[in-house]
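The values are calculated or read from the model by the stated rules, or taken from the named source; none is laboratory data. What you see is a predicted model; the values in this text were computed from it and never measured. Note that each Cβ is placed from the backbone with ideal geometry, even for glycine, and that neighbours are counted across all protein chains shown.
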């Protein structure tokens, strides 16, 4: 974006026409970014807790005092319990890539293997499915596709100026688009074909499509014969997933299953199948992703023009100090992770952190550093998460706001926005067969508000206080960025000359069908329809479908009391997860959280549009507004995600979700396919009373 500054203050924001992805357009969050920078709810000074944990009483202190306290606590726990008793938990803030690497670098140098995030909710479970099928994640080659299938992916809400814009261009070229989703969303409105699948039944639908492709011999025989491991076993396994049987599981007709299968197979190679975050947050996510990966491969769409392509490696310096982690592992220092295929990809998952806090196994967790993450509301069963965090010896939070997680901390530190420090963005824009990676510098345009400190500077300063200064020798962010991108022959100053970014390109001859020269990055060098690695770890080597742990068909007794399938993954274009809800212009559009209900269902339970209703699960209930829409199936309701941040009256959707039953391979929880019931709040008075109670609970005192 272009940012206009007058006398040290941002006055205007506009798009950057030369930017490769956005072409000068901004999403609604970008257009509201001035409000974000000058939000009155932002933290501006370090705070120390002076009352009981969660009471909301704070005292202002200096940064020196705060850093000294945090450093002293970390060194004390390291000496008494071992460095592994300290956990660093990072969320998805700006500058994600490098800042995540800095956190890993700090922890591995400190001696702890326990770096965590909420990635069990997004990306990593799917990455496991892709990696152990054909070795890596794939990028969509929209620019050359004949057909685009978007499965659990709604880019016209969540990635408007990258994927959304590119798909829009493809539609203008006449490319056929298919959307598969439990909800008729904004992207579905632009599709040629919409398939409404039952939440959590995506794996069964993929297997039904594969059954038809195999039976009708529509698969790419040359690719399968030469590059697939375990096809015979898979062929026998897939026999039980006929379109008729799968139709009963998924609520998608057998004719629609056959139609999608034939459409995808007959346009291959040259068809993109892009699975999105909608596949995550189910207890069967990894095997679902395995089925989708096999679907891409069996049709010859892996690393093929117009299909899904492996990105070529780009030489950026590794900031993580991974060798230090290897040294720890050789010494027998184990992480608290209990999922052996998850940890090597992304560290520790949040459920594993909470388990270790609760049980003290494999060893006690004493201290938690939380950076840019509202994990209490992001993770399943929020009331239980809060109770577990209260038992910790020490919590320090570095964030822009006094989040529900920060409310439980001992030390709270004010963080900078993306306007207040320089950082690089690494993005794939345009055709991945040519434009492999674009590096863009996000410039510092204003001084930090109050005493806010950037994510890198906080890590650098803390590192020096715990004796790790030699691993963080950089005086500022510019020096650190130069160190990271030096292998590319680039500098910060060079990036500043190119605000649109510098793109690293390859010729199509270098990109497509790389496996023909080097094979696949799997244990067999082939695409593994049958995974020996899964078998070794006790998981089914074939992508079997299992009903979601709390699915409609998992328990007759539960489904009788809770007859609706609930998903809490409803994302709105105005917000990103738990962010931006304090901005007036965005809150005016969506002042309250809501639940989408089919009009037929609403009529049965006596609910009208905009009525206050209770959504109740076996864990608890929340009170939100009803939004009647035919976008959801009569047996399904969708709840908006991310409320319950500072100065909001909305209750968090994760009061409803289950933290116990998880994907056995990835620790993913079933936030998008659990059971609930919906009923009307009887009086307006009770609704107002509940809203007042929620606001009263958020009052803070400052001493």
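Things worth noting here:
- Residue in region 272-286 that is surrounded by 22 or more Cβ atoms within 10 Å (Cβ to Cβ), within 25 Å of the chain's Cα centre (by Cα), over 30 Å from residue 630 (Cβ atoms) and at pLDDT 95 or above present: yes
- Filter pass, residue 138 being in contact with a helix residue (DSSP H, G or I) (Cβ under 8 Å, 6 or more places away or on another chain), modelled with pLDDT under 95, crowded, with 21+ Cβ neighbours inside 10 Å and more than 16 Å from residue 23 (Cβ to Cβ): yes
- Unique residue being surrounded by fewer than 22 Cβ atoms within 10 Å (Cβ to Cβ) and either under 22 Å from the mean Cα position of the chain (by Cα) or more than 22 Å from residue 125 (Cα to Cα) (or both) when the list is 607, 678: 607
- Across region 632-639, a minimum of one residue is classified as closer than 30 Å to residue 399 by Cβ and in contact with a helix residue (DSSP H, G or I) (Cβ under 8 Å, 6 or more places away or on another chain).
- Test for residue 30: is it part of a loop (DSSP other than H, G, I, E, B), within 28 Å of the chain's Cα centre (by Cα), under 29 Å from residue 580 (Cα atoms) and free of Cβ contacts under 8 Å to residues at least 40 places away in the same chain: no
- Residue ID - nearest to the chain's Cα centre (by Cα), chosen from residues in region 455-495 that are touching a residue at least 12 places away in the same chain (Cβ under 8 Å) and over 29 Å from residue 46 (Cβ atoms): 485
- Complete set of residues in region 2-37 that are buried (at least 16 other Cβ atoms within 10 Å of the Cβ) and at positive phi: none
- Scan of region 116-135 for residues that are farther than 22 Å from residue 283 by Cβ and surrounded by fewer than 24 Cβ atoms within 10 Å (Cβ to Cβ), ordered by number: 135
- Residue pairs whose Cβ atoms lie under 8 Å apart, sitting 6 or more positions apart in sequence or on different chains, and linking a residue in region 511-527 that is within 14 Å of residue 222 (Cβ to Cβ) to a partner that is part of a loop (DSSP other than H, G, I, E, B), are 513/303; 513/304; 515/303; 526/519; 526/520; 527/520.
- Take the conditions (1) in a helix (DSSP H, G or I); (2) touching a helix residue (DSSP H, G or I) at 6+ places or on another chain (Cβ under 9 Å); residue 644 misses just one of them, which is (1).
- Exclusive hit being within 19 Å of the chain's Cα centre (by Cα) and either surrounded by fewer than 24 Cβ atoms within 10 Å (Cβ to Cβ) or closer than 19 Å to residue 284 by Cβ (or both), set 152, 208: 152
- Of the residues making up region 600-619, those that are under 21 Å from residue 641 (Cβ atoms) and without any contact (Cβ under 8 Å) to a residue 12 or more places away in the chain number 0.
- Condition check for residue 558 on (1) surrounded by 14 or more Cβ atoms within 10 Å (Cβ to Cβ); (2) at pLDDT 95 or above; (3) part of a helix (DSSP H, G or I): one failure, at (2).
- Only one of 404, 383 that is crowded, with 21+ Cβ neighbours inside 10 Å, assigned by TED's automatic domain parsing to the domain that holds residue 57 and either part of a strand (DSSP E or B) or out of contact with any strand residue (DSSP E or B) (no Cβ under 8 Å at 6 or more places or on another chain) (or both): 404
- Some residue of region 68-86 being in contact with a helix residue (DSSP H, G or I) (Cβ under 8 Å, 6 or more places away or on another chain), assigned to a strand (DSSP E or B) and at pLDDT 95 or above: yes
- Out of 658, 653, sole residue that is surrounded by fewer than 22 Cβ atoms within 10 Å (Cβ to Cβ) and either modelled with pLDDT of 85 or more or closer than 29 Å to residue 278 by Cβ (or both): 658
- Helices (runs of 4 or more DSSP H) completely within region 218-298 that count 2 or more residues being closer than 24 Å to residue 521 by Cβ and without any contact (Cβ under 8 Å) to a residue 24 or more places away in the chain: 221-227
- The lone exception for residue 585 - which of (1) more than 21 Å from the chain's Cα centre (by Cα); (2) closer than 30 Å to residue 400 by Cα; (3) part of a loop (DSSP other than H, G, I, E, B) it fails: (3)
- Within region 567-600, the residues that satisfy the criterion of being in contact with a strand residue (DSSP E or B) (Cβ under 7 Å, 6 or more places away or on another chain) and more than 13 Å from residue 653 (Cβ to Cβ) are 597, 598, 599.
- When the test is whether a residue is modelled with pLDDT of 95 or more and either surrounded by 17 or more Cβ atoms within 10 Å (Cβ to Cβ) or under 30 Å from residue 539 (Cβ atoms) (or both), residue 600 does not pass it.
- The listed residue being assigned to a helix (DSSP H, G or I), surrounded by fewer than 24 Cβ atoms within 10 Å (Cβ to Cβ) and at pLDDT 95 or above, out of 328, 345: 328
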